[in-house]
Amino acid sequence: MAEATPLVLIHGLWDTPKVFRTLLRDLNHRRDPLLLPHLPHGLGSKPLLDLAQRLDEAIQSAFGPEQPIDLLGFSMGGVIARTWIQLLAGAPRTRRFISVASPHQGTLTAVPWPGLWLAGVADMKPGSGLLERLNADLEPLRRIDCCSFYTLTDLTVFPGWLGVLPVGRRQLLPVLRHDCLLRAPQGVQPLLAELLRP
């Protein structure tokens, strides 16, 4: 039997790996081995590239430099994962990238916050230097099986249609709030189906 592809789950701003507890319960060990790195973000003060480097260290420590992996990033975690894929040479070893309500085109809720103190939040502003850099070269993403899940009524990634990757499949979920995407059955069940897809 072929070795299972490890799955890495990346949490978002003001979250910890505990945000995935409902998803993990319903997965019931069907996607082991699993990695849930804790990426302390200093309430949004850490630049996302710094957090992507922390992610790289966790992946290298758990799986070495070459093991293919799947990634699921929730909210800011999706932008961290994408930064790792595109800017830290994660693309060659990434088989599948699942993004859940991640502000790949920015979010208006980040606009009022000062970048001087909240560099990570500023990275999620529409037109930020990081997002412009990521969107300038999409070729690494085009070589990966990418899928975006989002909800139009999201007030964290606002407007909700900004919470998708610029490439790959997209699935609108009938969930009212950002936090319900990983808790409500209408959010969790489609994610499970994608994670368990051969």
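Readers should treat all values here as calculations from the given coordinates under stated rules, not as data from a laboratory. All figures in this text were calculated on a predicted structure; none of them were measured in a lab. All Cβ positions, even for glycine, are placed from backbone atoms using ideal geometry, and neighbour counts span all protein chains on display.
Numbers for the structure displayed
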| item | result |
| --- | --- |
| Linear extension gain, Glu57 paired with Arg197, 0.36 nm per residue minus alpha-carbon span | 47.7 nm |
| Cα gyration tensor, region 94-185 - rounded (a/c under 1.5), prolate or oblate | oblate |
| Cα-based shape type of region 7-195, given that a ≥ b ≥ c are square roots of the gyration tensor eigenvalues and the cut on a/c is 1.5 | rounded |
| Mean Kyte hydropathy of -0.5 or more with a Cα span along the axis of at least 18 Å, helices from DSSP in the chain | 48-63 |
| Whether region 14-82 is rounded, prolate or oblate, judged on the alpha carbon gyration tensor where a/c under 1.5 counts as rounded | oblate |
| Nitroxide proxy distance, nm - points 7 Å out along Cα→Cβ at Glu132 and Asp145 | 3.6 nm |
| 222 nm mean residue ellipticity, helices alone, for the chain (DSSP H n ≥ 4; -39,500 (n - 2.57); rounded to 500) | -9000 deg cm²/dmol |
| Segment His29-Thr16, extension gain: residue separation times 0.36 nm, minus the distance between their alpha carbons | 2.7 nm |
| FRET efficiency, Leu116 to Leu172 (Cβ-Cβ, R0 35 Å, nearest 0.05) | 0.45 |
| Region 109-177 versus region 19-37: alpha-carbon centroid distance in Å | 23 Å |
| Region 7-195: relative contact order in percent, alpha carbon pairs under 8 Å with at least 6 residues between | 20 percent |
